[in-house]
Amino acid sequence: MSPRRSGPRRRGRNVSDLTDDERASAPSHDQQRAQAARGALAPFHPVPPILTGAHGLPPSAPGARDPSLFGTRGGERSQIYGALDLGTNNCRLLLARPSRRGFRVVDAFSRIIRLGQGVSQTGKLSDEAMRRTIEALRVCAGKIARNDVERVRCVATEACRIASNGRDFLRRVEREVGLKIEVLDRETEASLAVSGCASLIDYRADYVLVFDIGGGSSELIWLDIAEPQGTGGPPPPRRPGLKPHIRAWTSLPVGVVTLAERFGGHHVTAESFEEMVQYVLGLMRPFEILHGFRELSEGASVHLLGTSGTVTTVAGIHLGLKRYDRARVDGCWLATDEIRTVTYGLLARSYDERVAEPCIGHDRADLVLAGCAILEGILRLWPAERLRVADRGLREGILATLMSEDGVYRAGRRRRHRSAG
């Protein structure tokens, strides 16, 4: 929890996010097997919706303050809250104030900094990557100060978790930039990510596979919608906001950065792409063997829910966007054949042609096919007819947690999303 910040108040503007975070670096194979054996995450607890629906959240931390300190009903003049997510590829900030429909974004920032570049080989954050990251964090600190943010939570994920100099780097950030950044454990990270996109679950489904394709690891979380968490006897009627049961989760030691570094990302052939897919499948199969979701979901209603830069990029390309538009991407549905049309269309393009794609650009052109290979592995192992795209996750879960602790987080009606097709 951070202290109150002083300074001139400036009214923010609504800002759309451009990319989704791709988190860094990988747990060991032993850690992955231990997580798969453990199975379930700590349960998350639903609170009122973020923007468009109901979210489940992990237990609130101590330190909630008196709601009377936070403006008028609906939060129109209430304080601003912040969430900063420092990942492998991106440094991302979201600032918002409570509203009648959850919260309203007043400012945002996203910059590709590649903090975890090379960590899988060297085990350390490089000097150049740390320099880029500190520059981005200075921008974030300026936005936090100018917006007079009431509370902010700043978190780092895999790159700082596994790099031998990760903690030293965060202490340097605190000294030079003034931001205190905590390193999330994998369980809290996965739970917050689910919380941040839970409003996009189709509660008519029996099972939902939530996944986050990161920079060096990928999280997989199976939700059992037919068996809500903590219920006994016959299941109650399904409805948004009902706490789904987390059947199992794992963190796989593969992400877009590590996979591209292993197999190459600039010049990808059909053969090298298939090698990537088979490598990913080899990492996923122990989780499937342990829990048997493929057999369990046969004949059941299943959908995928992806929160990552890979799925938002695929959606943007499918929609033919000339510029990424979060409002059109977040919450849209993709059919499996639509995903594969985009994937194999990208595989047929050269590196320069991928750079020219508006929803990819130079910073992602060497990573996008690695992400598509991980996505293809998921589709092969756990076939589903449709996937819902989430341009939300960890930061939204953090914001809802902070506002809920202060008693200023309010419910609102769900927004309807049209199909991407």
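When segment 126-148 is limited to residues that are within 20 Å of ASN165 (Cα to Cα), of a type outside the set (Gly, Ala, Ser) and in contact (Cβ under 8 Å) with a residue 40 or more places away in the chain, the one that is surrounded by the fewest Cβ atoms within 10 Å (Cβ to Cβ) turns out to be ILE134.
Mind checking whether some residue in segment 117-125 is farther than 30 Å from LEU305 by Cβ and buried (at least 20 other Cβ atoms within 10 Å of the Cβ)? The answer is yes, given that some residue of segment 117-125 is farther than 30 Å from LEU305 by Cβ and buried (at least 20 other Cβ atoms within 10 Å of the Cβ).
Only one entry of ARG161, ARG151, ARG92 meets the criterion of being in contact with a helix residue (DSSP H, G or I) (Cβ under 6 Å, 6 or more places away or on another chain) and among the basic types (Lys, Arg), and that entry is ARG151.
Scan segment 227-250 for residues that are at pLDDT below 90 and under 23 Å from GLU187 (Cα atoms) and the total you get is 11. Scanning segment 260-307 for residues that are under 30 Å from ARG204 (Cβ atoms), of a type in the set (A, V, I, L, M) and either touching a Ser or Thr at 6+ places or on another chain (Cβ under 8 Å) or assigned to a helix (DSSP H, G or I) (or both) returns VAL280, LEU281, MET284, ILE289, LEU290, LEU296. Remark: VAL152 falls outside the filter, which requires a residue to be in contact (Cβ under 8 Å) with a residue 40 or more places away in the chain and outside the structural domain of GLN79 (by TED's automatic domain parsing).
Taking segment 204-225 as the search range and keeping residues that are over 19 Å from GLU189 (Cβ atoms) and without any contact (Cβ under 8 Å) to a residue 40 or more places away in the chain, which one is surrounded by the most Cβ atoms within 10 Å (Cβ to Cβ)? Checked segment 204-225; the qualifying residue surrounded by the most Cβ atoms within 10 Å (Cβ to Cβ) is ILE225. Only residues that are without any contact (Cβ under 8 Å) to a residue 24 or more places away in the chain and within 14 Å of THR312 (Cα to Cα) were counted across segment 341-364, and they come to 1. GLU158 - would you say it is within 20 Å of VAL257 (Cβ to Cβ) and surrounded by fewer than 21 Cβ atoms within 10 Å (Cβ to Cβ)? So GLU158 does not fit the description; no.
For segment 326-344, the set of residues classified as farther than 17 Å from GLY306 by Cα and surrounded by 15 or more Cβ atoms within 10 Å (Cβ to Cβ) consists of THR341 only.
Considering VAL194, VAL155, VAL177, the condition of being closer than 24 Å to ALA108 by Cβ and in contact with a Lys or Arg (Cβ under 6 Å, 6 or more places away or on another chain) is satisfied by VAL177 alone. Taken over segment 98-116, the criterion of being outside any strand (DSSP E or B) and either crowded, with 22+ Cβ neighbours inside 10 Å or without any contact (Cβ under 8 Å) to a residue 12 or more places away in the chain (or both) is satisfied by ILE113, ARG114, LEU115, GLY116. The residues of segment 75-97 that are among the small types (Gly, Ala, Ser) and outside any strand (DSSP E or B), listed by number, are GLY75, SER78, GLY87. Within segment 165-202, the set of residues being closer than 28 Å to SER301 by Cβ, hydrophobic (A, V, I, L, M, F, W, C) and touching a strand residue (DSSP E or B) at 6+ places or on another chain (Cβ under 7 Å) comprises ALA190, ALA193, VAL194, CYS197, ALA198, LEU200, ILE201.
Which one is nearest to GLY393 (Cα to Cα) among residues in segment 329-377 that are part of a helix (DSSP H, G or I) and among the aromatic types (Phe, Trp, Tyr)? It comes out as TYR344.
Taking segment 296-324 as the range and being modelled with pLDDT under 90 and either buried (at least 20 other Cβ atoms within 10 Å of the Cβ) or under 14 Å from LEU334 (Cβ atoms) (or both) as the test, only SER308 passes. Considering segment 308-328, the residues that are assigned to a loop (DSSP other than H, G, I, E, B) and either under 22 Å from the mean Cα position of the chain (by Cα) or of a type in the set (Lys, Arg) (or both) include one that is farthest from PHE211 (Cα to Cα), namely LYS322.
If I filter segment 133-140 for residues that are of a type in the set (Asp, Glu) and modelled with pLDDT under 95, do I get at least one hit? No, segment 133-140 contains no residue that is of a type in the set (Asp, Glu) and modelled with pLDDT under 95. Mind checking whether some residue in segment 173-192 is of a type in the set (A, V, I, L, M, F, W, C), more than 21 Å from LEU125 (Cβ to Cβ) and modelled with pLDDT under 95? Looking through segment 173-192, at least one residue is of a type in the set (A, V, I, L, M, F, W, C), more than 21 Å from LEU125 (Cβ to Cβ) and modelled with pLDDT under 95.
The set of residues in segment 378-411 being basic (Lys, Arg) and assigned to a strand (DSSP E or B) consists of ARG386, ARG388. So, of the residues in segment 84-97 that are out of contact with any Phe, Trp or Tyr (no Cβ under 6 Å at 6 or more places or on another chain) and more than 17 Å from GLU158 (Cα to Cα), which turns out to be surrounded by the most Cβ atoms within 10 Å (Cβ to Cβ)? Selected residue: LEU95.
The values are calculated or read from the model by the stated rules, or taken from the named source; none is laboratory data. Since this is a predicted model, take the numbers as computed values, not measurements. Glycine gets a Cβ as well: all are built from the backbone with ideal geometry, and neighbour counts include every protein chain shown.
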